[in-house]
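For reference, the structure is listed below as structure tokens.
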Amino acid sequence: MNYILQNGVCSKNTISNTEKAISLALSDQRVAGVSLNLYMTRDFKIVISSSDILEKKPNVKISDSTLSELRAHNIGTRVNRETILTLEEALNHFSKNTKEFIFTLGDCGPDNKKFVETVASVINLYPNCSIYVKSCVVENVLYLKELLHSAKVGAIILDKNPYFWKQNLDFYSLDNFELLSYYVDDYINQTTGKKYSLMVEDISDEKEALLTIQELKKRLGCLSMIVSTWSDLNEFYTPCQKMVEKLEGIK
């Protein structure tokens with residue numbers, strides 16, 4: 001089982017989604033990779049951010065701004081200036097890192113095709129990186145399947161609609177813990193023979209983490225938990241590992 005950290009390691013002096021935050025996450029031996037959200041600027045550059053709003057700048061919308069306009073804003077501290085990180089910069093800097101990069105694409109409405117094309121054109125330059133790309137938007141997922149050469153394509157499951165489970169994707173990510181009890185019998189455990197990976201997002205407390213492992217004990221070999229923050233990981237890593245070892249019969 002793998003632990004994936006959302007947005008990297010952030011603290012008072014380390015801003016989420018920056019090169020430093022990602023580097024700190026990838027250097028943690030407990031962490032198998034990072035989960036990052038992608039957005040497109042007005043001049044069609046792909047950037048990494050928690051939302052379409054620039055970090056620490058609630059009045060600055062990424063999709064309404066050019067990259068140079070975004071770069072004029074300091075999202076770091078007074079001592080350490082930081083600017084928004086592009087997808088290409090991140091992959092170039094971490095191109096030799098063997099850990100996983102999970103990228104999420106939101107909904108750009110009429111610009112979805114351009115969004116997916118631009119993301120794919122960057123990711124295809126890094127075939128040696130372990131990259132997973134997912135979305136809850138049907139057209140984005142299907143178009144990613146066409147355009148991505150080596151990266152794995154998956155869907156974010158938001159509800160009980162079975163559509164995505166029939167698309168033969170590389171992986172599936174449950175949007176929230178509540179969906180587990182519904183899918184674990186109807187889809188997940190009935191398809192144990194399939195080789196797709198499974199993720200559960202936004203794990204934020206010990207109870208959710210332990211119940212996730214218990215529910216998916218038949219799928220531990222292909223399970224990744226996307227942990228909301230580094231402090232959350234510190235809280236429940238040890239009890240989770242003890243449960244995993246018990247379920248796997250490790251002494």
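The values are calculated or read from the model by the stated rules, or taken from the named source; none is laboratory data. Quick caveat, the model's predicted, so the values are computed rather than measured. Because the Cβ atoms are built from the backbone with ideal geometry, glycine has one as well, and the counts that use them run over all protein chains shown. Heads up: the accessible areas ignore ligands, DNA and RNA and are worked out on the full protein's heavy atoms, side chains in. Shrake-Rupley method; radii C 1.70, N 1.55, O 1.52, S 1.80 Å.
Quick one: ranking 1, 225 by accessible area, 1.4 Å probe, largest first, what do you get?
1, 225
Would you mind telling me which residue in 83, 104, 229 has the biggest mean-square fluctuation in a Gaussian network model of the chain, where springs connect alpha carbons within a distance under 10 angstrom?
83
Taking only the alpha-carbon positions of region 25-147 and ignoring solvent, what does the Debye formula give for the base-10 log of I(q)/I(0) at q = 0.15, 0.16 Å⁻¹?
The Debye formula, applied to the Cα set alone, gives -0.71, -0.81.
As an exercise, find the ratio Rg/Rh for the chain from alpha-carbon atoms, using the Kirkwood inverse-distance average for Rh.
Result for the chain is an Rg/Rh of 0.96.
Grab the beta carbon distance between residue 168 and residue 121, set R0 = 25 Å, and tell me the FRET efficiency rounded to 0.05.
0.55
When you count, for each residue, the other Cβ atoms within 10 Å and take the mean per peptide, how do 148-158, 34-44, 239-249 rank with the highest first?
Top of the packing list down: 34-44, 148-158, 239-249.
Taking the Cα centre of region 12-85 as origin, work out the dipole magnitude from +1 charges on Lys and Arg Cβ and -1 charges on Asp and Glu Cβ, in debye rounded to 20.
With Lys and Arg at +1 and Asp and Glu at -1, about 240 debye.
Name the residue farthest towards the positive end of the dipole of the chain from the options 118, 51, 9, assuming +1 on Cβ of Lys and Arg, -1 on Cβ of Asp and Glu, about the Cα centre.
Of the options given, the answer is 9.
Of the options 156, 79, 143, report the single residue whose Cα projects farthest towards the positive end of the charge dipole of region 18-176 (beta-carbon charges: Lys, Arg +1; Asp, Glu -1).
Farthest towards the positive end: 79.
Run the numbers for residue 211 and residue 63: contour at 0.36 nm per residue of separation, minus the present Cα-Cα distance, in nm.
This chain segment gains 49.5 nm when fully extended.
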